[in-house]
There are 2 protein chains.
Amino acid sequence: MSAENVDKLPVHYEQLEDLQEDLEQVELELTRIRDEKTRDLLAEREKIVEQIPNFWPLVFEHAPPEIDEYIQPTDATIIVTALKKLSVARFELPNGHPRSISIKFEFGDNEYFEDTTLEKKFWWRTAKDGWAGLVSEPVPIKWKPGKDLTDGLLDLAKQIFDDEKAGNMGKDTPAKKALVAKLENTSLDNVSFFNFFGFRGRYISEEESRVATKAEEERRQARKAGKQVDEDEDEEEDDDDDFEFEVFPNADEVAVTIVEDLYPDAIQYFLDGENLAAMSDADFEDEEEEDGMKMD
Amino acid sequence: MSAENVDKLPVHYEQLEDLQEDLEQVELELTRIRDEKTRDLLAEREKIVEQIPNFWPLVFEHAPPEIDEYIQPTDATIIVTALKKLSVARFELPNGHPRSISIKFEFGDNEYFEDTTLEKKFWWRTAKDGWAGLVSEPVPIKWKPGKDLTDGLLDLAKQIFDDEKAGNMGKDTPAKKALVAKLENTSLDNVSFFNFFGFRGRYISEEESRVATKAEEERRQARKAGKQVDEDEDEEEDDDDDFEFEVFPNADEVAVTIVEDLYPDAIQYFLDGENLAAMSDADFEDEEEEDGMKMD
């Protein structure tokens, strides 16, 4: 929000922002309630679907476009032949942030990688400049020789992250140079879904997030109490460069779609898949006994 | 679900359907809680936005694509110049179905129609063949002379509905012939958003819905109690013809997006709009004092 714009709407703007925050607090509370109320049902579902070997593959085959658009043909082959189980968790509940999420994929033997479990965690963090969103850490995959579907992108993302953690934040490391060079010749529209595990988002420590959340909450309470509050001085930074080394920039959105749509509605996606299969069988078999009900 | 497919999954299929229904019951309960918990906040919001004349126009200008794709340039002009207020309600709560929704648009003087209020209600209904969804009734608009943005489609949809209500269900009335002829020369991709008010969906009476809901609930309870339950004999009908006279076939989905996304997040859409406007002003003014922060 630029300064001149705040001038145009002196009172309303903050009132509206606080109200929107109150509405979002209701959603967070509902997320907590949903998590509690669906836990037993989802555990029951897990037991049933363990007996249906193609359950999760079929769910992914009928995933909504927001997920499906990132699944390349080879990714789909792995999912169909080797995905055994999907589980998600709001792992910071009951005491932490309801928006922190984890997604665990369990795989059987396959010709591409050794891992039987790939888990990706996303933490909900607030930056001191006011930005809030999901951040993560690259998760490496043990590719079988010559089978790296990300063509080295995932390993480089992991290396860059490790370099920065070791104190090379902002430095122009060999891994960064290599990734930039690789990305120049790669369209992120067609890369493997497994780059999903490379996402990191902005770097915001737990400490920064805790302090920023507390400060924002205090300003909000002061405004509610009718006090004059100095606005936070930290303008939102131009964070273009935060995402410069991202190999799957929309992974946070995809993760939210998996957690809030694909996973809770998995039965529906599975049944849609079964129905479609049944219908095309029926169409094929009954082609010559068509009952003439169709309208033109 | 075809018979052979049920054979393939004898137990799991019904267990899964019941579990999915249990999960949906949790969502309905959460919808009730949300309605209650947000009521005061939304009333407070209404008071604030009454003092911001361009609030709702700006919200619609930044509506998500699921809504925006249906708003033609002339529709947008009316919204920008004349939309005063939007309100939504889950009008069957607290005792009826949480999924029944109404959307009310309030307009100031404009050159296209006389109405100051256009309200569209959608009832959640269950058919005896098992289908469940939103149904509605065409809402007429008093167009000023020569200003019918729907080019007669809305009036015909209304006439067909009235004819059927008067006992001509399924008959080939003049209004139906006229609508079919008109639709042959019209792409529904480019028609006015105001055709939204013509949507009806399947015809399912309150009585049919009540009986079907009760029967389904009884079968479900019996299955839960471990009893052998005869499946409902009524197969889902081929309902192609139910939508033959629809002038805005996706109105139910658009309505849900308005109620579950645009309306609750209106402040966010408004602030996004304000920010965008501020940023382009700033870009324009600062063009020559660019600070060189941008990455190429």
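The listed residues are A:THR77, A:THR117, and the only one of them that is open to solvent by 50 Å² or more (accessible area, probe 1.4 Å) and free of Cβ contacts under 8 Å to residues at least 12 places away in the same chain turns out to be A:THR77. Quick check, is A:PHE91 open to solvent by 50 Å² or more (accessible area, probe 1.4 Å), within 18 Å of the chain's Cα centre (by Cα), among the aromatic types (Phe, Trp, Tyr) and on the phi < 0 side of the Ramachandran plot? Criteria met by A:PHE91. Within the stretch A:199-216, residues that are of a type in the set (Asp, Glu) have Cβ atoms under 9 Å from residues that are open to solvent by 70 Å² or more (accessible area, probe 1.4 Å) in these pairs: A:GLU208/A:LYS128, counting only partners at least 6 apart in sequence or on another chain.
Residue-level check: of (1) modelled with pLDDT of 90 or more; (2) in a loop (DSSP other than H, G, I, E, B); (3) within 14 Å of another protein chain (Cβ to nearest Cβ); (4) in contact with a Leu (Cβ under 8 Å, 6 or more places away or on another chain), B:GLY201 misses just (3).
Out of all the residues in the stretch B:91-136, which are part of a loop (DSSP other than H, G, I, E, B) and under 19 Å from B:GLU260 (Cα atoms)?
Taking the stretch B:91-136 as the starting set, the residues that turn out to be part of a loop (DSSP other than H, G, I, E, B) are B:91-100, B:108-112, B:114-116, B:127-131.
Hits for the stretch B:91-136 are B:PHE91, B:GLU92, B:LEU93, B:PRO94, B:GLY96, B:HIS97, B:PRO98, B:ARG99, B:SER100.
A:THR213 falls short on exactly one of the conditions (1) part of a loop (DSSP other than H, G, I, E, B); (2) surrounded by 11 or more Cβ atoms within 10 Å (Cβ to Cβ); (3) polar (S, T, N, Q), and that condition is (1).
When residues in the stretch B:141-188 are screened for being assigned to a helix (DSSP H, G or I), of a type outside the set (Asp, Glu) and over 30 Å from B:ASP109 (Cα atoms), 12 of them pass. Number of residues in the stretch B:11-52 that are more than 7 Å from chain A (Cβ to nearest Cβ) and not in a helix (DSSP H, G or I) equals 2. Please find, among B:ALA255, B:ALA277, B:ALA251, the residue that is within 30 Å of B:PHE60 (Cα to Cα), within 14 Å of another protein chain (Cβ to nearest Cβ) and either modelled with pLDDT of 90 or more or surrounded by fewer than 18 Cβ atoms within 10 Å (Cβ to Cβ) (or both). Going through B:ALA255, B:ALA277, B:ALA251 in turn, the sole match is B:ALA277. Regarding A:LEU83, is this residue more than 11 Å from chain B (Cβ to nearest Cβ) and either over 20 Å from A:VAL254 (Cβ atoms) or out of contact with any Gly (no Cβ under 7 Å at 6 or more places or on another chain) (or both)? Considered against the rule, which asks whether it is more than 11 Å from chain B (Cβ to nearest Cβ) and either over 20 Å from A:VAL254 (Cβ atoms) or out of contact with any Gly (no Cβ under 7 Å at 6 or more places or on another chain) (or both), A:LEU83 comes out as yes.
The values are calculated or read from the model by the stated rules, or taken from the named source; none is laboratory data. From a predicted model like this one, the values you see are computed outputs, not experimental measurements. We place every Cβ from the backbone using ideal geometry, glycine too, and count neighbours over all the protein chains shown. Remember, those area values only see protein heavy atoms, side chains included, never the ligands or the DNA or RNA. Shrake-Rupley method; radii C 1.70, N 1.55, O 1.52, S 1.80 Å.
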